[in-house]
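Beneath this line is the structure, given in structure tokens, with notes to follow.
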Amino acid sequence: MNKKPVTKIVSLLFLLFMAFIWIVPLAYSFLTSFKVEADLQSSGFTILPIHWVITNYQEVLFNNTSAPLAKWFMNSLIISVSQTVLVLVIVSLAGYGYSRMKFKGRDAIFVFLMATMMFPAVVNLIPLYKIIDTFGWVNSYLAAIVPGAAGVFNIFLIRQFMAGIPKEFDESARVDGASDFQIFTKLILPLIRPVLTVVALFTFTASWNDFLWPSIVFNDIEKMPITPGLQLAQGMYVLDISLSLTVALIAIIPTFILYLFTQKYFMESLSLSSGVKG
């Protein structure tokens, strides 16, 4: 008996099982968001709503007296998009410097930079907060945007991706009179687009889902991003499960859309050499 079809069938069944585990809670949460809380408590566990309503979404989106969800949503969007753009600029330039440029101590600096990954991020919270407080950035977007602008892992990822691009490309461009900046913008950037997309995806998702750091630097409810805001909303809607699930579902919409439209580039970048064709 050929083992290859059996392996494929087993793999398919395993993937279907994992998909089922992930999809069922989301589907149940989505359906529960259309339920009346009274029906949810009286009927117990039911998959489909007895009475379909949209009052939960109306309450969450338009009743901002207790939980300004729209404001939290916009705060998170501004912070996540700004941090993603800043990260792409910084780590792409850093990756180019460590991969293509030659300067004294380059490799030693990069090794030291990689060594900092051994320290847990939590040890930086107190000194980082003192720096933010000194700059007067507490309760501002800068407090959430700037500290995560230069992720070491992202620099490593882009550097390794650039290492797969033949340096003969650079030499040919220099023969034609191109400067380092022109080589970076016109030659390297188009080739590393897949890995930049993945970095952007991971950065946006991490920024959007970050809870600990925003909870420290924001104490003004109006300026909070959505993740620490959800913790407050959970306390407000502690007796209303359908409202709590509605808030959570709205919060995952941006990351879901982002993954939906960037999955092609994510799969393409799984191979560090996919940026170079031929």
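The values are calculated or read from the model by the stated rules, or taken from the named source; none is laboratory data. Because the structure is a prediction, the values reported are computed rather than measured. Note that we place each Cβ from the backbone using ideal geometry, even for glycine, and neighbour counts take in every protein chain shown.
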Cβ pairs under 7 Å, 6+ apart or interchain, first in segment 242-262 and under 22 Å from THR55 (Cα atoms) and surrounded by 15 or more Cβ atoms within 10 Å (Cβ to Cβ), second modelled with pLDDT of 80 or more and of a type in the set (D, E, K, R), ordered by first then second residue, are SER242/LYS35
>> Against the condition buried (at least 17 other Cβ atoms within 10 Å of the Cβ), of a type in the set (S, T, N, Q), out of contact with any strand residue (DSSP E or B) (no Cβ under 6 Å at 6 or more places or on another chain) and at pLDDT below 90, how does SER80 come out, does it pass?
In response: no
Discussion item. One residue is enough: does segment 184-204 have a residue meeting the conditions crowded, with 17+ Cβ neighbours inside 10 Å, among the polar types (S, T, N, Q) and either modelled with pLDDT of 85 or more or touching an Asp or Glu at 6+ places or on another chain (Cβ under 9 Å) (or both)?
Written reply: yes
Worksheet item: Right, GLY105: of a type outside the set (Ser, Thr, Tyr) and either closer than 18 Å to ALA149 by Cβ or at pLDDT 90 or above (or both) or not?
Response: no
Among SER215, SER172, SER207, the single one that is of a type in the set (Ser, Thr, Tyr), more than 25 Å from the chain's Cα centre (by Cα), assigned to a helix (DSSP H, G or I) and on the phi < 0 side of the Ramachandran plot is SER172
Q.
Considering only segment 230-239, I want to know if a residue exists there that is surrounded by fewer than 20 Cβ atoms within 10 Å (Cβ to Cβ), out of contact with any strand residue (DSSP E or B) (no Cβ under 6 Å at 6 or more places or on another chain), small (Gly, Ala, Ser) and modelled with pLDDT of 85 or more.
A. no
Screening ILE158, ILE165 for residues that are of a type in the set (A, V, I, L, M), out of contact with any His (no Cβ under 7 Å at 6 or more places or on another chain), part of a loop (DSSP other than H, G, I, E, B) and more than 26 Å from MET74 (Cβ to Cβ) leaves only ILE165
Query raised in the report: Somewhere in segment 102-112, is a residue touching a helix residue (DSSP H, G or I) at 6+ places or on another chain (Cβ under 6 Å), acidic (Asp, Glu) and part of a helix (DSSP H, G or I)?
Result: no
Flagged in segment 173-218 as within 17 Å of ILE158 (Cα to Cα), touching a Ser or Thr at 6+ places or on another chain (Cβ under 6 Å) and among the polar types (S, T, N, Q), in numbering order, are THR197, THR203
### Message
If I filter segment 154-161 for residues that are surrounded by 15 or more Cβ atoms within 10 Å (Cβ to Cβ), of a type in the set (D, E, K, R) and under 29 Å from ALA115 (Cα atoms), do I get at least one hit?
### Response
yes
Expected output for segment 141-152 (first residue touching a residue at least 60 places away in the same chain (Cβ under 8 Å), partner hydroxyl-bearing (Ser, Thr, Tyr) and crowded, with 18+ Cβ neighbours inside 10 Å, Cβ below 7 Å, 6+ apart or cross-chain) is GLY148/SER207
Among TYR98, TYR129, TYR141, the single one that is under 28 Å from LEU187 (Cα atoms) and surrounded by 15 or more Cβ atoms within 10 Å (Cβ to Cβ) is TYR98
